[in-house]
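Report on one structure; see the data block that follows.
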Amino acid sequence: MRTDPEGHGPVRFGPPLPDDGLPVLPELAGVLAAAASRAGPEPVGAGPALLDAARGYGERRGLPAAPGRTALAPGAPALLTALTAALDGDVLVPRPCAAWWAPSVRLLGRPVFHVPTPAESGGVPDPYALLETVRRMRAEGRAPRLLVLSVADDPTATVAPPELLHETLEAAAGEGLHLISDETWRDTLHDRHGTVLLSPAEMLPDRVTVVTDLAGSLLPPGWPAAVARFPAGEEGRALHARVLDVLTALDARVAAPVAAAAGYALSEPEPVTARVAAAVRVHARVAAAAHRAVVAAGALARPPQCGRHLYVDLSPLAPALAAHGVGDAQELEDLLTGRLGMPAAGGHRFGDDLETPRVRLCTAPLLGDTPEERAECLEADEPEELPRVGRALNRVTSVLDGLRDDARRWESSR
């Protein structure tokens, strides 16, 4: 929402994580229902069974955690708030970045310093821009301490190449920064064989805390649970203890029924892995179709590589937008949300400049209007060809084509 409901000032809070739009997995719902009668609270940071499941999940991804180096909280924002509170100093993030990062930091009265990302991907700052930003901050008497990044990125839906990640981590380590790697979307790669994803924790095991919101691929967003994996060594031990102190002060516990469902999902039985794979396939195909539509209409967007969204830059259509009274990202959000009949969050919500006409479009609203319609997408070989999905994609094409035609008319009348 805006700081001033009548103006277009700084955004205080952003949109939620993109939903998958699909019915809850029946086996997952059954586990939650069976645990609904649990009256006792889950321990702060999670109990032994849930911690074991979380460690196993990490180990299968090449990220083993020593005992006492894992904690869970009711959502990733709670973990980032606790981590920021536990680490003194200023926080750096890429531009753009996930919409929930900055509010979690600003809640503690800390400023957020944005660092540009390179042209090919989002989520990981350009290493030279990072070094320059840190230099300027120190010259101004600031104390840069923490860098938050995401290799599989929301909002840009891109995956940072390993060579860029290596250069950025080398720069961050040289400046003594601790890193938080948001790996919420790591299990949603659209092409697992053609996309290489490396965790920063594989490169800097003693300096990286990994945070994963389970709403990325394993749990519905209404069942909040997130995992933090802390570094080995004394620094990781101390950070884990300080984060648990903050979570205790906030009484930030995963609800017992959600903890049961999270433990089941993190253990990755066949029904869970099959659903994750099916959901990724559906959203990958629909995202690719949406990308073709927006590019054909003259807008700019990197090809989506992960997640359930894509990030669209409508700068080439600026003349038409101006003719419609659109002068910033908030006005673009208002226009497209109304015309598309679905959320189109402006880029300013992700730390981009308000004046730049960018939006994040999510694929879930394109899948259908009812749970039954959306569930049918899971069984379709080509979900983007289903009639209702095709109509939704055609609406995107029609709206953007209309803006492109308006831009051409505006140019020809000059």
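Things to note:
- Environment charge of A345, counting only residues whose C-beta is closer than 9 Å and scoring Lys/Arg +1, Asp/Glu -1: +1
- Between S37 and A274, the C-beta separation translates, for a Förster distance of 45 Å, into a calculated FRET efficiency of about 0.95.
- Ellipticity estimate at 222 nm from DSSP helix runs (n ≥ 4, -39,500 (n - 2.57)) divided over the chain, nearest 500: -13500 deg cm²/dmol
- Assigned charges on the beta-carbon of Lys, Arg, Asp, Glu; region 36-267 dipole about Cα centre (debye): 520 debye
- Percent antiparallel among DSSP beta bridges (both partners in the chain, rounded to 5): 60 percent
- When E331, E163, E384 are sorted by how many other C-beta atoms sit within 10 angstrom of their C-beta, beginning with the fewest, the order is E163, E331, E384.
- Taking the average, over residues, of other Cβ atoms within 10 Å as the packing measure, peptides 96-108, 127-139 rank 96-108, 127-139 from highest down.
- Between the entries (1) 20.2, 63; (2) 21.3, 70; (3) 20.5, 59, the label attached to Rg and Dmax of the Cα atoms in Å calculated for this structure is (2).
- The distance separating the Cα centre of region 140-209 from that of region 272-306 comes to 22 Å.
- DSSP-defined beta bridges in region 36-267 - what % are antiparallel, rounded to 5: 40 percent
- Whole-number D in µm² s⁻¹ for region 286-414, Kirkwood Cα-pair radius fed into Stokes-Einstein, 10 °C, 1.306 mPa s: 106 µm²/s
- 14 Å cut-off, amide nitrogen to a point 7 angstrom out along D19 Cα→Cβ, residues in region 368-404: 368-375
Since every read-out is calculated from the coordinates, none of them should be taken as a lab result. Note that the coordinates shown come from a computational prediction; the quantities given were computed from them, not determined experimentally. Positions of Cβ are backbone-derived with ideal geometry, glycine not excepted, and every protein chain shown enters the neighbour counts.
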